[in-house]
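Data first, discussion second: the structure below is written as structure tokens.
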Amino acid sequence: MLKVETRNPHDSMSFKSLGELSAASEASSTHQADSCVQSKSVYTFLCALEVLNETLKDAFDYQRNLSEYFKAFDIQMFEEMLLMLLMLLMLLMKLH
């Protein structure tokens, strides 16, 4: 059975005037803040990964240069650090 209601023009037949919340407005108001926070945190995480990636690449290049320089002195410590940086870069590339 249909319920007929009469409204004044200033009521504009909004959900508020009917005493109801629209499903669309309720869903958007409750979930919009969560998605905004999630997208900001994901963006921040991706930016941090990019900075970490660039930093590790720079460190890898620096270590490679030091390794070449100290090869004449037969110092193995820089070779081990270079290997560790290479493994970190490979791991980061898989995450990215």
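Each reported figure results from applying straightforward, stated rules to the coordinates on display, with no laboratory input. As the structure is a prediction and not an experimental result, all values here were calculated from the model. Every residue, glycine among them, receives a Cβ derived from its backbone with ideal geometry; neighbour counts consider all protein chains shown.
Values computed for the structure shown
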item: For L82, net neighbour charge (Lys/Arg +1, Asp/Glu -1) across residues whose Cβ lies under 12 Å away; result: -2
item: Dimensionless Rg over Rh [region 34-95; C-alpha; Kirkwood]; result: 1.23
item: Potential lengthening between L46 and D58 on full extension [0.36 nm per residue; Cα-Cα distance subtracted]; result: 2.5 nm
item: Neighbour-count ranking [beta-carbon atoms within 10 angstrom, fewest first] of K57, K3, K40; result: K3, K40, K57
item: Ranked list, fewest to most other Cβ atoms within 10 Å of each Cβ, for F45, F73, F60; result: F73, F45, F60
item: Footprinting exposure proxy for L49, L56 (fewest neighbouring C-beta atoms within 10 Å first); result: L49, L56
